[in-house]
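The values are calculated or read from the model by the stated rules, or taken from the named source; none is laboratory data. Bear in mind that the values here come from a model prediction, so they are computed numbers and not experimental data. Every residue, glycine among them, receives a Cβ derived from its backbone with ideal geometry; neighbour counts consider all protein chains shown. Just the protein is used for accessible areas: all its heavy atoms, side chains included, with ligands, DNA and RNA removed. Shrake-Rupley method; radii C 1.70, N 1.55, O 1.52, S 1.80 Å.
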There are 2 protein chains.
Amino acid sequence: MTQTPIRSTSTLRGLRCRECGAEYAAEARHVCEWCFGPLEAAYDYEAIRSRVSHQSIAAGPRSIWRYRPFLPVSGERLIDLGTGLTPLIRSERLARRLGLKALYLKNDAVNVPSLSFKDRVVSVALTRARELGFTTVSCASTGNLANATAAIAAHAGLECYIFIPADLEAGKVLGTLIYGPQVLAVDGNYDQVNRLCSEVADRHGWGFVNINLRPYYSEGSKTLAFEVAEQLDWQLPDHVVAPIASGSLYTKIYKGFQELIKTGLVADKPVRMSGAQASGCSPVAEAFRGGQDFVTPVKPATIAKSIAIGNPADGIYALDIARKSGGSIADVSDSEIIEGIKLLAQTEGIFTETAGGTTVAVLKKLVEAGQIDPEETTVVYITGNGLKTQEAIAPYAGEPLQIEPSLASFERALERARTLDRLDWQQTLV
Amino acid sequence: MTQTPIRSTSTLRGLRCRECGAEYAAEARHVCEWCFGPLEAAYDYEAIRSRVSHQSIAAGPRSIWRYRPFLPVSGERLIDLGTGLTPLIRSERLARRLGLKALYLKNDAVNVPSLSFKDRVVSVALTRARELGFTTVSCASTGNLANATAAIAAHAGLECYIFIPADLEAGKVLGTLIYGPQVLAVDGNYDQVNRLCSEVADRHGWGFVNINLRPYYSEGSKTLAFEVAEQLDWQLPDHVVAPIASGSLYTKIYKGFQELIKTGLVADKPVRMSGAQASGCSPVAEAFRGGQDFVTPVKPATIAKSIAIGNPADGIYALDIARKSGGSIADVSDSEIIEGIKLLAQTEGIFTETAGGTTVAVLKKLVEAGQIDPEETTVVYITGNGLKTQEAIAPYAGEPLQIEPSLASFERALERARTLDRLDWQQTLV
C-alpha cells in the first residue's frame, strides 16, 4: 500500500508561529525567526469542511491516510505501510477493577510497522520529507522514534541516521539496527542527544523528523484523536489520559478533537485532557501541581525511558490544555509503572512498555483520587509495546515452573504451586 | 470490543473425520473414534452462501469476526480484541530486488494482541472453549501460541496453563508470563511437550487449544486467506508462500481459498501453494523433494524454533496440497534465515522473527530456481514479530557507533564509518 495515490488538492496552507502568528511557507523549518516560537502547520479548514465527511473518511485507506486532508502533505505519494487504525478496545476487566463504566483502550502497542504511536508521526514526516526533496532523514530518539524512523525510511528507500542515548533498552537498539540505518549511540541523555542533532541538522541539511520537520511530524499524532472519534461512531470521549514526554502527543490529541469540531465532523463538547508522567521525570506534573505556567527542566531518572524528556518542548502548552479542559497531570513511581504494566496485561491481554504502564498507573491514581468520574467515557492511550522494554519488567514477571516431560513431574509441580499459592493466601490473612 | 454481539444463526454443523467422513457433534474432540483420523469443522455452505456477501463482510467488525459464518462458533459472545485485518503491503523494494512484478506481504508480525498469526486461531479456540463450558484453557507451544493463549485468556478472564519447551527465546517466555498464566517449562522439545499435554488434557479436562480444541483452533487460520482475498478486491492470488510447522496454517489457507470459491465470493482459479521450512527441521520439505506421500519425523535443530515441529500433524495434507496446486516446499539454512530477516527489514521496514525470515528466504530461493513466475501475483505470509526472537538475530544486526554528545565527536565517527564502508567496498572489488 506504499504511495497510495489519492486524488485531492492540498489543504496545507503553510506554517504559522504558535506564539506571534507569523506565517511561513511549508518548508523544513520549525522555529519562528521573529519570536523563536514553535511553528505549526496551518490549513484551509473551509476547504477541509467542504471536502470531508464521515463517508469520505470511511471510504479512504485503512490507515492514517484516511484523514489526509488534516495532515500536512501536499503531494500524492504517501508512505503507507498500513499505519494507524489500531484497535479501540472497550475494557471490561480493567474497567471493573477500577470501577469505571465506560473505559476504552486505544492500543498503539500494535501499531504498524514498529509497534508504537511514532509510526504515525514518522509516516507523515517522511512523506513530507520526500516532498521537500530530502534523501537523508534522521532523528533524535528515546527509542520508539528510532524504530519508526528506521523502519519507515527503509520501506521508502531513504538514507537514514539515528541518534539515541547510549543506555537505551536492547530491544529498541536491535529494533533500529535491523533496518540498516547508521545508528549513533550518544553518551548522554535525550536532551543532550537532541541538542547535538540540532547542530547536525544545521550542518548537514538532513531532514530531522523531530527537529526541522517537527511541524509536519507532530501533526501525525492528531490521528490518535481522529481514530478514537471515528471508532466511537463520531462522538468525542468525555475524558482522555495520555502520556506526556515532550507534550507533543498530548497537545496534538487535543488539537485533533478541536479540528473535528471545527469542521463539523463531531458535535462540540468538552473533553477533559489528563496527562501521565513518571515521577523520575515529571517536570510538567510538577508544574501542574505547583500552579506554575512554566516548566522547570529536570534530569531524568526513571525506567520509563521513552517518556524521559527532562526539558519538554511542549510542556507549557500541555499545562494550559490540562487546566482549561479540567484535566489533571499526575506522575507515578517506577514500581507503580511496573504494576501498571502487569495490571493491563493481566486484565486486558495487552503487553505495553513502560510508557503505557505509566499511563495505566496514572489512570488508576486519578480514579482513586476521584478525578475521573465513573460515568465518564474515558479513553486511555497505550502508546508502545512491552517487548521493547523487556529488561524493565522481566525481574517482576515471575518464572516458569521447570518440569520433566512426564505427567508425574507435572502433577508434582502443580501440587507445589498450589501449596505455595495457599501459603501466600494464608499469609495475606495473618 | 469484547463479545461483540452479532445477530446470526450458526452455520457450524459439527465435526467430520478428514479420513473416513464419520460425523460428530461439535464438542471438544479432535480424533476420529473409528479411524483415528483428524476431525475438522463442517459447515452448512448453502446457509453461508445465502447469508454472506462482499457487502455484509465489509459491514462487519474490523477483525477476523467479519468472517464469522466461516468460523466454528455457535453463540453470540465473541472474544474480539481487534485480531486480524493486518496490512497486506504491496512490495516495491523487495519485489524489485527479487525481480517480481506483483509481490504482496501479509504482515501478521503486527497482529493483535500478541504479534503473530496465532492471535487468530486462539481467538477462535477460546471463543469456542467458552461456548463449550471450559473455564481453564491451555496449550503446548513453541512460543507464539503461548503468547496468544496467555494474552487472550487474560482478556477473557479464563484460567490458563501454558506448556513450553524450556529452551524458548526470552521474549516469548516474558511475553507469556506477563499475562499471569501458570507457565510450565518442559525439559524437552516441542513434540515431547505436545505428548505430555495430551495426557494432561485427558486427566484434567482442560481446553487445550491445539489438542482437544484443535478442530476449532485450526480454522482460525482460514482468515489469512479471507483477508488476502478481500484486500485484493475479492481476487485470489496466483501463488502464496507460507511457513510450514505442523502444516495447519498452510492447509487452512488453502481451505479458506476453496471456501471462498465454493460460496461464490471469488471466481474459481488455481492458487499455487508453496511452503517454507528451516533446514534444521524440514521433514515436509524432505518428503516433497523425495516424492514421498508420508513424512518421516526428525529431531529439530534450528534457530527457527517457532516452526520447529519434528512430527508435523498435517504434514501429509500439506504435501498433497503443494503437489496438486503446483507449488513447492523448500527449506533454507539458519544463515539464510538470518539473511531473510535482514532483507525484509531493510527493504520493507518489517521486522519479523525467524519463521518470517524462513519464509522470505524460501521466497528468494524459489524465485532464483525459477519456481515463481515474475508475473504472478504472489503473497508471502509473515507470521510473527522479530522482537520475540532477538537472540537469534542480535549477533548479526551490527552495533551502533558510540559517540560523545558533540558535533566534533559525531563528525569523527561519521568519517571513520565512511572510511570503513569504502574499505569494505574496495575489498568486495578485490
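The figures follow:
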quantity: Residue check, B:Ser328 among the polar types (S, T, N, Q) and within 17 Å of the chain's Cα centre (by Cα); calculated: no
quantity: Check on B:Ala129, open to solvent by less than 10 Å² (accessible area, probe 1.4 Å), within 14 Å of another protein chain (Cβ to nearest Cβ), within 30 Å of A:Ala413 (Cα to Cα) and outside any loop (DSSP other than H, G, I, E, B); calculated: no
quantity: Residue tally, condition aromatic (Phe, Trp, Tyr) and open to solvent by less than 60 Å² (accessible area, probe 1.4 Å), over the range A:390-418; calculated: 1
quantity: Meets criteria (within 28 Å of A:Ser10 (Cβ to Cβ), of a type outside the set (Gly, Ala, Ser), in contact with a strand residue (DSSP E or B) (Cβ under 6 Å, 6 or more places away or on another chain) and not assigned by the TED database to the domain that holds A:Lys365) for A:Phe163; calculated: no
quantity: Hits in the range A:328-337 - residues which are open to solvent by 10 Å² or more (accessible area, probe 1.4 Å) and within 14 Å of chain B (Cβ to nearest Cβ); calculated: none
quantity: Matching residues, the range B:107-120, being more than 10 Å from every other protein chain (Cβ to nearest Cβ) and part of a helix (DSSP H, G or I); calculated: B:Asp108, B:Lys118, B:Arg120
quantity: Every residue from the range B:281-294 that is of a type outside the set (Ser, Thr, Tyr) and either crowded, with 20+ Cβ neighbours inside 10 Å or assigned to a helix (DSSP H, G or I) (or both); calculated: B:Cys281, B:Pro283, B:Val284, B:Ala285, B:Glu286, B:Ala287, B:Phe288, B:Arg289, B:Gly290
quantity: Search result, residues across the range A:165-187 that are open to solvent by less than 10 Å² (accessible area, probe 1.4 Å), closer than 23 Å to B:Glu348 by Cβ and more than 7 Å from every other protein chain (Cβ to nearest Cβ); calculated: A:Lys172, A:Thr176
quantity: Qualifying residue in the range A:199-218 (condition: over 23 Å from A:Cys17 (Cβ atoms) and away from chain B (no Cβ under 14 Å)); calculated: no
quantity: Hits in the range B:256-280 - residues which are among the aliphatic types (A, V, I, L, M) and open to solvent by 50 Å² or more (accessible area, probe 1.4 Å); calculated: B:Ala267
quantity: Tally, over the range A:76-95, of residues that are open to solvent by 10 Å² or more (accessible area, probe 1.4 Å) and more than 23 Å from A:Lys255 (Cα to Cα); calculated: 5
quantity: Residue identified as open to solvent by 20 Å² or more (accessible area, probe 1.4 Å), assigned to a strand (DSSP E or B) and either away from chain A (no Cβ under 14 Å) or under 27 Å from A:Pro87 (Cα atoms) (or both) among B:Arg29, B:Arg13; calculated: B:Arg13
quantity: Within the range B:299-313, tally of residues that are open to solvent by less than 60 Å² (accessible area, probe 1.4 Å) and not in a helix (DSSP H, G or I); calculated: 8
quantity: Enumerated strands (runs of 3 or more DSSP E) restricted to the range A:314-430, each holding at least 3 residues that are not assigned by the TED database to the domain that holds A:Asp233; calculated: A:401-403
quantity: Residue count for the range A:164-216, restricted to those that are closer than 20 Å to A:Arg120 by Cα and in contact with an Asp or Glu (Cβ under 7 Å, 6 or more places away or on another chain); calculated: 1
quantity: Residue within the range A:345-355 that is surrounded by fewer than 24 Cβ atoms within 10 Å (Cβ to Cβ), of a type outside the set (Lys, Arg) and more than 28 Å from B:Ile79 (Cα to Cα) present; calculated: no
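Conditions (1) under 19 Å from the mean Cα position of the chain (by Cα); (2) within 11 Å of chain A (Cβ to nearest Cβ); (3) open to solvent by less than 10 Å² (accessible area, probe 1.4 Å), marked per residue:
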position: B:Val122; (1), (2), (3): yes, yes, yes
position: B:Phe134; (1), (2), (3): no, no, no
position: B:Val137; (1), (2), (3): no, no, yes
position: B:Thr142; (1), (2), (3): yes, no, no
position: B:Leu145; (1), (2), (3): yes, no, yes
